[in-house]
Amino acid sequence: MKDTVVKKRTWAIYAGIIFVIVLALLTILSTQIMNRSLPEVATVFTSSGTITARIRGSGQVQANESFEVEISQTRTVAEVPVRLYDEIDIGDVLITLVGDGSEELEAAKAELHSLEVGLEVKLLELTRPDGNLSMANSEIQRARSNVTEAQIARDRISYSVAALNAAQTANTQAQTALSSADSTARDKQLELDLAEIYLNSLNPPPPLGSGDPYVYAQAEAARNEALVAVTLARSTLESATAAAAAAQTELSTQQGNRDSWNAANDSVRQAQQALDDLIRGLSLTQAGAGVDTALNNIELRELKQEIEDKKAAIERLEQADTGPVITSLVGGIVTAINISPGNQTDPDTPLMVIEVVDRGYSLSFPVSAERANRVSIGDQANVDRGFWGFGEELFATLTNIRPYPQNPVAERLLHFTITGDNISSGMQLNLILDQRTENFSTIVPNSAIRSDTNGDFVLVVVSRTGALGNRFIATRADVNIISSDDTHTAVSGALSSGDFVITTSNAPIEPGMQVRLVDNP
């Protein structure tokens, strides 16, 4: 009986031991399986060190100044001789126009004529049939004929601003060429004189002398070459002289046409003034005859004021008239053409846009205020042409730092001047600006930096000891980015030197998750 009880107890003990062993094996096995399913992470220790931070930014190159070509009147375009992205100089013809006057000018003249006729009719309505009024009307008709004749005489004179400008330009070019040819002729004559002096200074070779034949032959060849150069230079000078004389003659002709046209235009104005005086005199005659009432005086005064206003408007339109062509007032590159032949100009719309190359180009982009404090005006940035590829070297110089309008408290706008060859608006450039090298107490690899709606942070691995060994938990540490370069970032906040931070993982990780280290499978 006792043996049976002992055997049962022994079996129970063995069974308990086996159960515990199996349970431990299952626990260890399940832990290993769970560890294998955990995200695998790579980690590094935070450290102190130095960082040479770089500010990177990109933007489109913009011209510092653009000129909009406009006219204040409606004209029909005959030709647009320039094309998009053409390089132009001051005085180049941009647009040729149809006719000599604008629609506004012709309409204003027609309105003036209608107002003057209306005034005459009104005066006649108030005029009694006496000799004074009849004589005044006859004088007005003669004065109107004088105005017409003066206008016809003026219009017969061949004069245009474009022709005068062309003659002035041609004369300037011819005088420049003449000066250059004269200078060249003088230089070549001096070379010939020096060659002859040198030749004459040599002892001629036998039989006339005992000089070195080779040296004498070289001197003779130099003299002959200088003689040919002098002949060519004199021929060029003669041609330049003739061209300059012809250009001066043409300029004098155009200036004479201008003076004649101005004199004829003064005659038109004087005839018009005489007509106006007669019309006013007729009004006074009628007033003296007592035929106008207070109401008629008001109407006459209003009509006269309208006529004066219309004359002033016509004078302004005549002064603003561009003539048959529109020329460029600046030099640069044509970046927009908003008109084509056959269409009419719109006084409210630019006809053409010209980038003023001499005013330079620039590029801007925003950075944090903290980063902006680490650069200075005059710093040079490296230029990456990006899509625009390789070519002439470009240079970017920091010329201004100002608050960024969209976030003036926390950000600054860096303004760079772009210089080099073949720059144009619209170029997309990437700029890299090196900051000062500084020491920082806590730096981490760039791959360790993470961001969400709450800001920047890193994941720190924290070890927790349990019955089955160490567990590694990813915890969030909020940080502030102080500076960075291509590989590392300096931070401050809930992180210190020596912390174990996650750089990469084979699966997404959230704070609080258990992870598996690469070196601790």
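Structure summary
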quantity: Separation of the Arg186 and Gln344 label points, Cα + 7 Å toward Cβ, nm; calculated: 5.8
quantity: Computed label-point distance, nm, for sites Ala78 and Asn506 using a 7 Å Cα→Cβ extension; calculated: 8.1
quantity: Anchor Lys109: aspartates and glutamates whose Cα lies under 13 Å away (excluding residues fewer than 8 positions away in-chain); calculated: Glu306, Glu308, Asp309, Glu315, Glu318
quantity: Simple label model, 7 Å out from Cα along Cβ direction - Ile377 to Glu393, nm; calculated: 2.6
quantity: Gained length - Asp259 relative to Glu68, 0.36 nm times residue gap less alpha-carbon distance; calculated: 65.6 nm
quantity: Net lengthening on full extension, Asp277/His113 (0.36 nm per residue, minus Cα-Cα); calculated: 57.4 nm
quantity: Gained length - Ser463 relative to Ser58, 0.36 nm times residue gap less alpha-carbon distance; calculated: 141.5 nm
quantity: Charge dipole (debye, nearest 20) of the stretch 370-517; +1 at Cβ of Lys and Arg, -1 at Cβ of Asp and Glu; calculated: 620
quantity: Those residues of the stretch 174-188 whose amide nitrogen sits under 19 Å from the label point placed on Ser235, 7 Å along Cα→Cβ; calculated: 178, 180-188
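Each value in this text was obtained by applying a stated rule to the coordinates, not by laboratory testing. Since the structure is predicted, the reported quantities are computational estimates derived from the model, not experimental observations. For neighbour counting, all protein chains shown are included, and Cβ atoms are generated from backbone atoms with ideal geometry for every residue, glycine included.
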